[in-house]
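Inspection log for the structure reproduced underneath, given as C-alpha cells.
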Amino acid sequence: MKKNRYSIFSLARNAVSYHQDWSEAWRSPDPALSYDVIVVGGGGHGLATAYYLAAEHDVGRIAVLEKGWIGGGNTGRNTTIVRSNYLWDEAAHLYEKSLQLWEGLSQELNFNVMFSQRGVMNLGHTLQDMRDIYRRSNANRLNGIDSEILTPAEIKAKVPAINVSSEARYPVLGASFQPRGGVARHDAVAWGFARAADARGVDIIQNCEVTGIRRENGAVCGVETTRGFIGAGKVAVVVAGHASVLADMAELRFPVESHPLQALVSEPLKPVLDTVIMSNAVHGYVSQSDKGELVIGAGIDAYTGYGQRGSFSIIEGNVAAIVELFPIFSRVRVLRQWGGIVDVCPDACPIISKTPVQGLYFNCGWGTGGFKATPGSGWVFAHTVARDAAHPLNAAFDLGRFSTGALIDEHGAAGVAH
Amino acid sequence: MLKIECPWCGERDQEEFQYGGEAHIVRPERPDTLTDEQWADYLFNRANTKGVHAEQWCHGAGCRRWFNVLRDTVSYVIVAVYRPGENPPGGGE
C-alpha cells in the first residue's frame, strides 16, 4: 500500500518515467485451496464487504470470486445517484451511514471516487406528491438527515433549464432537496475498493463463477466454481440480480424477483445541469456526468428477466417524461442505452442477513437503488459475517421480517427506480 | 419488445398486456393452519427462475382475460401460451 500510494508526489515521480512504471492496482492471484471467508460477487457491494472485512475485522484469509470482471454488472450500469432521504427510520439510518462513509471514501481508499455532493432534488407534481414530500422531508430532519422543501420558483433558480410552467402536462409543484446527496464515479468505486482490499491481502479472483454451494451437516464448507472447489469457513453472497440463482444452490427460497432496469446517456454537452433531478410521478431522473453526458434512468420492466435488456416502451415513456421536464433536451441525441438486472424485494428494502445454513450469508434485494448504499452495505455486511450477528443498523433487514410481517415499506422513497 | 399471442385474440404487442407474475401459485386452502414461515413462503417467496418460467399475463387492452405463458427469462423468447386450467405444453407442473 505504501509503495503504491497515489498522491501528487507519486504522479510527479511517475511523470518522469512517462507513466511506464505504475504498478498494477490489484493482483490477479490463482485461488488458494481454501479461505476463511469467500465473498461471492465482485461488484461494488462485494468488494466493499471484502474491504471492510479486511480493514475492520479479524477474519483470516478472504477471497472475492467474480464470474466476469469486477464492476462489470450493476456497478457499471447504474446512474450513480447517492442520497439518504428515506422515509422509515431503519432505512434512513442505513442509507445515512452509507452517505457518511461516502463523504470520506476517497481519502479512506486513497482512490478518487469523484463523489460530488451536488444535491438531489425529488420533484412533486400533484397535491398528494407534495404531502408525501413534506412527510418524508420532516421524517428525514427528525433523523438528522438534511432536507429542504423548494418552491417552483426556487427550483427554477437552481435549475434554469427546467420547465416549471403551470401549463405543463404534470406541472412541478415543489420538491424536496438533499444538499449532501449527489453522484459518484461508479467504476472508481469498484476499482478503489478492489485496490484497497487487495492491499490488505484480499485475493480478488475474476472469471471464476460459483456453480454450487457445498454444505456439511447444515453448515457451509465451500463453493464449487468453474476453477474447481474452494473451501470456505464462511460464504457471503452479494450477487444482486442472481441472488435467487445462488440461493437455489443452497436450496433456499427468497422473496426477490429479478427485473431488467434500463438507463441511457446522451452525447456530451456543455454544463447545463449541476444537480440531480428525480421525479416519481412522471418516472424519470437525470444528472449530468463530468464528461458532459446527460445520465438518464428509466424504470424496471414489469416482467422478470435476466437478459440485461428491457423493453423499448419503457425507454420511450422515460424520455417523454424527461423532455416534458426539460424541453431544451428534446433535440439531444442518445449515445448509449443499456440494461442491468435488479433483484427487487416486496418492500423495496434489502436483505442483509444470516440464512438457515450456518456460515452462509446473503446481501441482496437492493432493487433499483443499491449504488448509493455501496459502502454502507459492505460495512454492515462485513460486521454481520465477521460476528455471525447483524449490526444494529441492519438487524431489521433480516430474512425473518417476511414471516414476522415487520416489512419496511420504502416504495415511496425507493419507488422511482434509479 | 415482446409479441405475445393471446389465446383468444392472437398475436399482439406487449403494450396491450399486463404482467401477473409467477403462475400456478395456489392459495392455501386453510391459511389458519399454516405457520408464519409457510404463509410467508406463499405470500413472498418466488422461484425467480433463470430459464423457462411459467407466468401469468392479462390482455388488459384487449379481451381482458388472464392466461399463462412459458417464457425464457434470459432470451425472453416465448416458448408456449396456454389458457388457465390447462397444463403447460410438454408436461411439467
Query raised in the report: Out of all the residues in region A:347-356, is one or more open to solvent by 20 Å² or more (accessible area, probe 1.4 Å), at pLDDT 95 or above, more than 20 Å from A:V265 (Cβ to Cβ) and in a helix (DSSP H, G or I)?
Result: no
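I'd like the residue in region A:251-280 that is part of a loop (DSSP other than H, G, I, E, B) and within 30 Å of B:L43 (Cα to Cα) and, out of all such residues, is farthest from the other protein chains (Cβ to nearest Cβ). If you could, list the steps in order and put the result at the bottom.
Going residue by residue through region A:251-280, those that are part of a loop (DSSP other than H, G, I, E, B) are A:251-253, A:255-256, A:269-275, A:280.
Checking which are within 30 Å of B:L43 (Cα to Cα) leaves us with A:251-253, A:255-256, A:280.
Details: A:E251: 12, A:L252: 9, A:R253: 4, A:P255: 4, A:V256: 6, A:N280: 20 Å.
Across region A:251-280, the extreme among qualifying residues is A:N280.
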Query - Selection count, region A:308-339, where residues are within 14 Å of chain B (Cβ to nearest Cβ), buried (at least 17 other Cβ atoms within 10 Å of the Cβ) and not hydrophobic (A, V, I, L, M, F, W, C) - result: 4
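Among the residues in region B:37-51, are any touching a residue at least 40 places away in the same chain (Cβ under 8 Å) and closer than 20 Å to B:V77 by Cβ?
Step one: list which residues in region B:37-51 are touching a residue at least 40 places away in the same chain (Cβ under 8 Å), which gives none.
No, region B:37-51 contains no residue that is touching a residue at least 40 places away in the same chain (Cβ under 8 Å) and closer than 20 Å to B:V77 by Cβ.
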Query raised in the report: Quick check: anything in region A:23-31 of a type in the set (A, V, I, L, M), open to solvent by less than 30 Å² (accessible area, probe 1.4 Å), under 27 Å from the mean Cα position of the chain (by Cα) and under 14 Å from A:V202 (Cβ atoms)?
Result: no
Query - Residues of region B:4-40 satisfying the condition of being in a strand (DSSP E or B) and either on the phi < 0 side of the Ramachandran plot or charged (D, E, K, R) (or both) - result: B:I4, B:E5, B:C6, B:E11, B:R12, B:D13, B:Q18, B:Y19, B:G20, B:E22
Query raised in the report: Can you tell me which residues in region A:367-412 are more than 16 Å from the chain's Cα centre (by Cα) and within 14 Å of chain B (Cβ to nearest Cβ)?
Result: A:D398, A:L399, A:G400, A:R401, A:F402, A:S403, A:T404, A:G405, A:A406, A:L407, A:I408, A:D409
Requested in this report: Considering only residues that are touching a helix residue (DSSP H, G or I) at 6+ places or on another chain (Cβ under 8 Å) and part of a loop (DSSP other than H, G, I, E, B), look in region A:172-199 and name the one that is most open to solvent (accessible area, probe 1.4 Å).
Outcome: A:L173
Requested in this report: Give me a count of the residues in region A:32-59 that are over 21 Å from the mean Cα position of the chain (by Cα) and open to solvent by less than 50 Å² (accessible area, probe 1.4 Å).
Outcome: 5
Query - In region A:122-138, the residues that are in a strand (DSSP E or B) and either surrounded by fewer than 20 Cβ atoms within 10 Å (Cβ to Cβ) or in contact with a Leu (Cβ under 6 Å, 6 or more places away or on another chain) (or both) - result: A:G124
Query raised in the report: Would you call A:Y51 touching a residue at least 24 places away in the same chain (Cβ under 8 Å), assigned to a helix (DSSP H, G or I) and of a type in the set (S, T, Y)?
Result: yes
Query raised in the report: Among (1) free of Cβ contacts under 8 Å to residues at least 40 places away in the same chain; (2) buried (at least 18 other Cβ atoms within 10 Å of the Cβ); (3) of a type in the set (F, W, Y), where does B:F67 come up short?
Result: (1)
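The values are calculated or read from the model by the stated rules, or taken from the named source; none is laboratory data. Bear in mind the structure is a predicted one, so any value in this text is a computation, not a measurement. Cβ sites come from the backbone with ideal geometry, for glycine too, and all protein chains shown count toward neighbours. Surface areas here come from the heavy atoms of the whole protein model, side chains and all, with no ligands, DNA or RNA. Shrake-Rupley method; radii C 1.70, N 1.55, O 1.52, S 1.80 Å.
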